[in-house]
Amino acid sequence: INCTYVLINAISFIMNRVTKVLLGANGLLANGYVASTIGSSQIALVAKSFNVPVVVCCETYKFCDKVQTDAFINNELGDPNDLLNVPKSFGTQKSPLDDQRDKKSSDAVNLLNLTYDITAPEFIACVVTDMGTLPCTSVPVVLRLKNRAPKITGNKASSLY
């Protein structure tokens, strides 16, 4: 598969030359929303506006019965100082937020470094799983099937029937 990686600020520039967007997922929620790395929702939104299909790759063990519609509830917070550090690949360039380090807490901007993003199912074309290609909304069905699977005890398989 020929792939191209771009910075998130170049997404709208490159999207007219893209045929598919592949995203990984940290989890697929019961309402079809995709929990993934921060920025995934923005990429899916831009892809939808360019009519580019977004394909999410997620194993079924990451399906959960939890429901969430935004990224502010039950999210993990990263270190806010990571937003102030500029990678060495940018040379001696200063971060635009660098002056926030020296300000008093009443004058400084409170930095929030969220780890995960929630993407709505209407932006996702399909989910590639170990069970095949499925729509986002099939999470409850997959969870029900996994709960009904025969349990193996010793040498005998017991069924729930």
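Every read-out reported here was derived from the displayed coordinates using simple, explicitly stated rules and does not represent laboratory data. Keep in mind the model is a prediction, meaning the values are calculated, not measured. So basically every Cβ, Gly included, is an ideal-geometry build from the backbone, and we count neighbours across all protein chains shown.
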Somewhere in the stretch 63-71, is a residue surrounded by 17 or more Cβ atoms within 10 Å (Cβ to Cβ) and of a type in the set (S, T, Y)? no
Looking only at the stretch 1-38, filter to residues that are in contact with a strand residue (DSSP E or B) (Cβ under 6 Å, 6 or more places away or on another chain) and among the small types (G, A, S); which one of those is surrounded by the fewest Cβ atoms within 10 Å (Cβ to Cβ)? G24
Scan the stretch 48-55 and give yes if some residue there is in a helix (DSSP H, G or I) and among the hydroxyl-bearing types (S, T, Y), otherwise no. yes
Does any residue of the stretch 33-56 turn out to be aromatic (F, W, Y) and over 15 Å from A120 (Cβ atoms)? yes
So for the stretch 72-80 (the condition being assigned to a helix (DSSP H, G or I), exposed (fewer than 12 other Cβ atoms within 10 Å of the Cβ) and either under 17 Å from the mean Cα position of the chain (by Cα) or touching a residue at least 40 places away in the same chain (Cβ under 8 Å) (or both)), does at least one residue qualify? no
Quick one: in the stretch 1-26, of everything that is assigned to a loop (DSSP other than H, G, I, E, B) and farther than 16 Å from S41 by Cα, which residue is nearest to the chain's Cα centre (by Cα)? Y5
